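To start, the structure under review is shown below, and the notes come after it.
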Amino acid sequence: MINHTPQNQELPFLTSIFTVFLCALFGANAVAIKISLSGLGVFTTAGLRFSIASVAVFIWARITGRSFQIKKGQLRQLLIISTVFIVQLSLFYLGISKSNASRATLMLNLQPFFILFLAHFFISGDRITKRKTLGIMLGFTGVIFVFMEKKGVTADFQVGDLIILFAAFLWACSAVYTKRIIHAFKPFHMVFYPMIFSVPFFFLEGFIWDSTMIAHVDAKVFCALLYQGLVTASFCFVAWLTLLQKYGAVALHSFIFFMPISGVMLGGLLLGEPITVNILIALFLIAAGILVVNFRQKRQIPPFPLGRNV
């Protein structure tokens, strides 16, 4: 049985290293998406990814004896979350097809700042403090530096950045709503059912809007797709949930500032994306903002990591 109460223990050294590793894997997902888009349609990629992830999470849940049963009245809540999930992921994949992985990672990591703002109005007792205000200011100052960067940036890049920014805002809305209702669910339901519901819609979007659903699948595209489905949406989810049950969300979320660092650095190394002074300043400000908000935070944090299904 899943314990919904965070344990909030200190992480041992090796567990801390593993948590950093998980955050790096989450951060690298935008790079994997960008690689897969070289051979697959935007929405087709999302459909294939969550088909793979749904099967993997289903197998894990069956092996570990988790119940798939939901209570009366929960279907409506899951449909709300699933609808937002479909829209936010569709926008994110569309946005990253127009931008690059480094910029997408930075934009996406504004999600915790949106959550702080929304929680102030919609979560009882979750108020914006001076420390949170400082974190929000650092994060959005970082965005200014992203938009200041002009090297290799086209009009499509800026459109893509804005689409991703809106997707991050929708993720925050979903996270706040999830926080209000998660006590009535088994945590993995909040990930598994939206994935199941979303797959047919992603393929329908691909059929309608992808100019070519599958152009070519070489080893690089195939591995990038498996990475999204099996690593970040399956293995990382299971590992994060396992650590959450043992140590609590407060301890884990002290490490999420590694996600934008991983995404930006790997975007430069694997895709040859420019890592300029403006991008480095933006990375520093956004990571610092996340660190300020989460480090040694004593309140309960939503149980899933930033951009958990990105």
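Summary of computed values
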quantity	calculated
Gain upon complete extension [residue 134, residue 223; 0.36 nm per residue less C-alpha separation]	28.1 nm
Spin-label model distance (nm) - residue 141 vs residue 62, 7 Å beyond Cα toward Cβ	5.2 nm
For residue 214, distant residues with modelled amide H under 5 Å away	41
Estimated distance in nm for a label pair at residue 270 and residue 291, the labels positioned 7 Å out from Cα along Cα-to-Cβ	2.4 nm
With 5 Å bins from 0: P(r) over region 197-244, alpha-carbon pairs, percent	5, 18, 14, 20, 21, 11, 7, 3, 1
Cross-link reach list, lysines versus residue 151, counting only Cα pairs under 26 Å and skipping chain neighbours closer than eight places	34, 98
Alpha-carbon radius of gyration plus Dmax, which is the widest Cα pair, for region 152-237 in Å	16.4, 48
Vicinal HN-Hα couplings computed from phi for region 165-171 (Karplus, 6.51 cos²θ - 1.76 cosθ + 1.60; Hz; Gly/Pro x)	4, 5, 4, 4, 5, 5, 4
In region 174-275, chymotrypsin sites (Phe, Trp or Tyr not before Pro) in a DSSP loop with at most 16 other beta-carbon atoms within 10 Å	none
Cα lying deepest toward the dipole's positive end in the chain, options 183, 119, 199, charges on Cβ	183
Positive-end extreme of charge dipole, the chain - chosen from 290, 29, 144 (charges on Cβ)	290
Mean residue ellipticity (222 nm) of the chain, computed from DSSP H runs ≥ 4 via -39,500 (n - 2.57), nearest 500	-22500 deg cm²/dmol
Computed E for residue 158/residue 208 - FRET, C-beta separation, R0 25 angstrom, nearest 0.05	0.50
Label-point separation, residue 148 to residue 14 (7 Å along Cα→Cβ), nm	4.5 nm
For the chain: Kirkwood Rh in Å [reciprocal of mean 1/r, alpha carbons]	19.5 Å
Column: log10 I(q)/I(0), Debye, Cα scatterers of region 85-238, q = 0.16 Å⁻¹	-1.11
Length-normalised contact order of region 72-190 in % [C-alpha pairs under 8 Å, at least 6 apart]	47 percent
Segment residue 181-residue 69, length gained on full extension (0.36 nm per residue, minus Cα span)	38.7 nm
3J(HN,Hα) from dihedral phi, region 172-184, Karplus parametrisation 6.51/-1.76/1.60, rounded to Hz, x for glycine, proline	5, 4, 5, 5, 5, 5, 4, 4, 6, 10, 5, 4, 8
Solution diffusion estimate, µm²/s, Stokes-Einstein, region 25-130, Kirkwood Rh from C-alpha pairs, 37 °C, viscosity 0.692 mPa s	198 µm²/s
Residue-wise HN-Hα coupling along region 130-139, computed from phi with Karplus coefficients 6.51, -1.76, 1.60 (Hz; x: Gly, Pro)	4, 5, 5, 4, 4, x, 4, 4, 5, x
Charge sum, other residues only, whose C-beta stays under 13 Å from residue 264's C-beta, Lys/Arg counted +1 and Asp/Glu -1	0
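Each value in this text was obtained by applying a stated rule to the coordinates, not by laboratory testing. All figures in this text were calculated on a predicted structure; none of them were measured in a lab. Because the Cβ atoms are built from the backbone with ideal geometry, glycine has one as well, and the counts that use them run over all protein chains shown.
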